[in-house]
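We did not get these values from a lab; they are worked out from the coordinates using the rules stated. This structure is a prediction, so every number in the text was calculated from the model and none was measured. With ideal geometry, Cβ positions are generated from the backbone for all residues, glycine too; neighbour counts draw on all protein chains shown.
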Amino acid sequence: MVLLQLPPDLPLDLGWLQSVLSAFGDPSRVAVESLAPDWQGEDVRRQLAVSGAAWVGIDSPHHQLTEWVT
C-alpha cells in the first residue's frame, strides 16, 4: 500500500490525480489523503472508486471527517 499525502495548498486537478494513480500501475494499492476542502468532493470520491484507490479520512478538530467508503 502506498500513501499519497497531498499538500493542503494543491489545487484540485482530476486529470493530474488520474495520471498519478495510473503511474502506480495498480491504483488499488494507493490511498489518497488531502486536507484541502476542494479534494473532499464527490468528483474525487467517484474517481477514486472507479480507479480502485482508497481515501484516507482525517479525524481532527480542524477538519471534518468524510464518511466515504472507497
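Return the long-range amide H neighbours of Ala31 (sequence gap of 5 or more, or a different chain), with a cut-off of under 5 Å between placed amide H atoms.
HN-HN under 5 Å from Ala31: Val2, Leu3, Leu4, Ala54.
Report the residues of region 34-49 in range of a label on Val2: point 7 Å along Cα→C-beta, backbone N strictly under 20 Å from it.
Only 34-35, 44-49 pass the distance filter.
Taking θ = phi - 60°, what integer Hz values does the Karplus form 6.51 cos²θ - 1.76 cosθ + 1.60 yield along region 15-29, in sequence order, with x for Gly and Pro?
The phi angles translate into x, 4, 4, 5, 4, 5, 4, 5, 5, 7, x, 10, x, 5, 9 Hz.
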